[in-house]
Amino acid sequence: MISDYKPLLANARFRYIWASQILSQVTINITNFLLLTRLFEDTGSAIATSFLWVVYALPAIFIGPFAAASVDMVSKRKMLMVTNLLQALTIFAYAFLHRTSMFLLYGVALTYSFLNQFYVPAESSTIPVVVPKNRLPQANSLFFLTQQSSLILGFGFAGILRQFLGFDSTLLLCAFFLFVAFVSVTFLPQMRPEQVIPKKFEEAIATFFERIVEGYVFIRDHKRVLAPFGLLLGIQIAVAITTVNVPLMAKDLFNIPLNSAGVIIVVPTGIGAILGALISSNLLKKGWRKKRVIDTFLTFTSFCGFALVFILPQLNQSIRIFAGVLVIILAAMSLVGTIIPAQTYLQEATPGGLRGRVFGNFWFLATIATIFPVILSGTLAELFGIKLLLLILSGFALAGLIYSKRKGDALIQNELQNEKI
């Protein structure tokens, strides 16, 4: 297994872009934690933290399509250099200016997210340039592993770094990471664009919106595609809602300092996600039906939500933290364990000619779909507490399970018969 990655790691050009990804991912997760906890400490408001996510999402909605289209029209190396450097300067400036206004962090989040709309597609499209075709699976899997590990490291150690280094110094460390990422991508080869901006840019944008419509029509008209797509969309919304309410969970459910939220809540989440990926893949390999795997993990998801609401608050502090960590691991495992068979089924149910349109637009649609629920969740948590919010999410998971149990098989059979006709 490890030997498969040795030729990849021996590739200097891959190491340059991989180093940039590692530093960028660790930085954005540390920064997200710092901004989230700082905002909650200053305002004590779940609504304020919800709006932070909305600010991150806005560039993805309004700039994302244009940024993705522009990546193929400029030098990818220059794009990576410029975005890394500007992000470093943004964090560096905020380290010295954050005391002027609490709301400046919204501007930092907006600027960072705006630049990320250009960085991420440039990074993804650089991989096939610097890696041979036969090594792409290993390169992509390594990038995915880095992304998950960076979430654990970033959120897990952000509170510790803040406690020992302070808010300002931790931000300066993040700026340094991004500057090193900038230096790393300067060693990449020149990657000149093959397309011309005026004509191709217009075509790219027009094609993008055409594919959104075509993908939407196909999803709407095929229920066995709509069902897993809706399930994945619902999970994405639930993850976004839970993420912005992590400070409130730390305060009201776990009764721990905000600096400890990364270690107590986020790190177990990452561990659970890895376990969910391994277990669900193994169950599918053993011949379990995808629907059976989904139903099983939806059951666990519902249980975890109810356990956090009704059982955890009744325990004393030491047992509460231990039990809470176990429940968080099980919840994350269940969510990822649901995602993998649902995504696999969606891939199989979608014809090859439409697969790119369905999956290519998923995150764009997911970003739009999560804005209102995230804002509403902040309002509910602010007025009624985090327990009601978790109870609602658990109720939706239970409703999805009941629907799958009662109508799932019939829906699949009806769709298959219609396709034969």
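Computed from label points 7 Å out along Cα-Cβ, the spacing between Thr243 and Val217 is 3.3 nm.
Could you rank His98, His222 by how accessible they are, 1.4 Å probe, largest area first?
Details: His98 10, His222 60 Å².
Reading off the accessible areas and sorting them downward yields His222, His98.
Scalar couplings 3J(HN,Hα) for the stretch 246-260, obtained by applying the Karplus form with A = 6.51, B = -1.76, C = 1.60 to θ = phi - 60°, are 4, x, 5, 5, 4, 6, 8, 9, 8, 6, 10, x, 4, 5, 8 Hz; x denotes Gly and Pro. Sequentially through the stretch 266-277, phi angles give Karplus couplings (6.51, -1.76, 1.60; θ = phi - 60°) of 6, 4, x, 4, x, 4, x, 4, 5, 4, x, 5 Hz, Gly and Pro residues having no value and appearing as x.
The 3J(HN,Hα) values that the Karplus relation (6.51, -1.76, 1.60; θ = phi - 60°) gives for the stretch 175-181 are, in residue order, 4, 5, 4, 5, 5, 5, 4 Hz. Gly and Pro appear as x.
A crude spin-label estimate for the pair Val180 and Lys285, with each label 7 Å from Cα along the Cβ direction, gives 3.4 nm.
For the ranges 119-130, 310-321, what's the packing order if you count other beta-carbon atoms within 10 Å of each residue, average per peptide, and put the highest first?
On the way: 119-130: 19.3, 310-321: 12.6.
With the highest mean Cβ count within 10 Å placed first, the list reads 119-130, 310-321.
Residue separation of Asn316 and Lys407 scaled by 0.36 nm, minus their Cα-Cα distance, works out to 28.6 nm of gained length.
Could you give the distance between the Cα centres of the stretch 376-405 and the stretch 260-326, to the whole Å? Their Cα centres are 16 Å away from one another.
Which order, highest average first, do 243-253, 51-61 follow once you tally other Cβ atoms within 10 Å for each residue and take the mean per peptide? Please report the intermediate quantities before stating the final value.
Values: 243-253: 21.6, 51-61: 19.5.
Going from most to least packed, we get 243-253, 51-61.
The values are calculated or read from the model by the stated rules, or taken from the named source; none is laboratory data. Given the structure is predicted, the values throughout are model-derived calculations rather than measurements. FYI the Cβ positions are ideal-geometry reconstructions off the backbone, even for glycines, and counts take in every protein chain you see. Each accessible area value is taken on the protein alone, full model and side chains, heavy atoms only, with ligands, DNA and RNA left out. Shrake-Rupley method; radii C 1.70, N 1.55, O 1.52, S 1.80 Å.
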